[in-house]
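What follows is a short report on a single structure.
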Amino acid sequence: MTDHAFVAGGTSGINLAIARAYAERGWSVSVLSRSQDKVDAALATLGEGALGYAADVRDAEAVAAAIASAAEQHGPIDALVSGAAGNFVSPAADLSPNGFRTVVEIDLLGTFNVMRGAWDHLRKPGASIVNISAAQSWLPVPGQIHVGAAKAGIDQVTRTLAMEWGPEGVRVNSVAPGPVEGTEGMRRLAPTQAAVDAWTEAVPLRRFATTDDVVNAVTWLTSPESAYVTGVVLSVDGGLALGGSGMIHRAMHAE
Ligand code: HXC
Ligand code: NAP
């Protein structure tokens, strides 16, 4: 039986690129997201045999049922990627409790539901889990109080499960991207060219990530090459989370 990758939120953007990378390597692939239309569109690009499930990661039962169905058809899961997320920019003073809750429930509770639902269906030992975090986990970004809280929570889920599931031979890591070009996330965070330029200036490597930059980190973390790596949060952010580097760079060069 071929290796099996299950990608939660794998129907657009970065997560779809991740799912596609496994498909291109000859793996069996399963994806899950809310919209049946997005699931169908993703499946059309993932090749024959890929499985898709329309479910909300906030619905633990639906997530567990989808994962069980995928494991029954494709076999136990070798690589589990949890990347479903919601984001919008809102100052805390304008954010309703439900707005805060919505993002925390999609990102953090959703990640728990995916991990929990998959536990009985992982190919242990050897299974590898990657949770998609973000630079906001380290960096307090104005307008992103909900996202920062959710992603920091995800990274603590990663570290805790690395402890609990390590003895079973299961690795658990996070990948924390900075700004990624051509994505829904950055359309929301940097909707104008001026905003894109300012974000770029804040990144020490002075460019946005490509989706391939993130894909490479995720596939490495689910490969034997990283066999002794667990419980890490791997920043793929061009140095952004080193903190205010753009501003400090300007300060150091001020005349
Ligand atoms: C303030 C907002 C808001 C906004 C929604 N809300 N949008 N508040 N500003 N722009 C509030 C609503 O008023 C409501 O609160 C609550 O949030 C729930 O809104 P719903 O629309 O009912 O939620 P839902 O249908 O579940 O949709 C979730 C969503 C939506 C997050 C709001 O945008 C979504 O589905 N996003 C998925 C796609 C996405 O965000 N992709 C980007 C991921 S990138 P009230 O109180 O009115 O009921 C990413 C990181 C990028 O995560 C990092 C870059 C470095
Ligand atoms: P995207 O294209 O909007 O992808 C989000 C995916 O999650 C979609 O497939 C969406 O499909 C699914 N999803 C959203 N809410 C869901 C829910 N409640 N249940 C199930 N699926 C749900 O976003 P992206 O920009 O590529 O971001 C992908 C990941 O990378 C996210 O975890 C994000 O936080 C992270 N990230 C992105 C950036 C960036 O620059 N874009 C930077 C750092 C981190 P449906 O709409 O069909 O549900």
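Sub-6 Å Cβ pairs linking a first residue in region 46-66 that is crowded, with 23+ Cβ neighbours inside 10 Å to a second residue that is of a type in the set (F, W, Y), at least 6 apart or interchain, are A66/Y53, ordered by first then second residue. Answer yes or no as to whether P167 is part of a loop (DSSP other than H, G, I, E, B) and surrounded by fewer than 23 Cβ atoms within 10 Å (Cβ to Cβ). Here the answer is no, as P167 does not meet what is asked. Looking at region 14-45 only, could you name the residues that are part of a helix (DSSP H, G or I), open to solvent by less than 40 Å² (accessible area, probe 1.4 Å) and over 25 Å from G126 (Cα atoms)? Selection gives V39, A42. A count restricted to region 206-221 and to residues that are open to solvent by less than 20 Å² (accessible area, probe 1.4 Å) and either in a loop (DSSP other than H, G, I, E, B) or touching a residue at least 40 places away in the same chain (Cβ under 8 Å) (or both) stands at 6. V203 fulfils the conditions (1) closer than 30 Å to M252 by Cβ; (2) open to solvent by less than 10 Å² (accessible area, probe 1.4 Å); (3) free of Cβ contacts under 8 Å to residues at least 60 places away in the same chain; (4) within 10 Å of ligand 2 (Cβ to nearest atom) except for a single criterion, (4).
The values are calculated or read from the model by the stated rules, or taken from the named source; none is laboratory data. This one's a predicted model, so the numbers in the text were calculated from it and none came from an experiment. As a convention, Cβ positions derive from the backbone with ideal geometry for all residues, glycine included, and neighbour counts pool all protein chains shown. Just the protein is used for accessible areas: all its heavy atoms, side chains included, with ligands, DNA and RNA removed. Shrake-Rupley method; radii C 1.70, N 1.55, O 1.52, S 1.80 Å.
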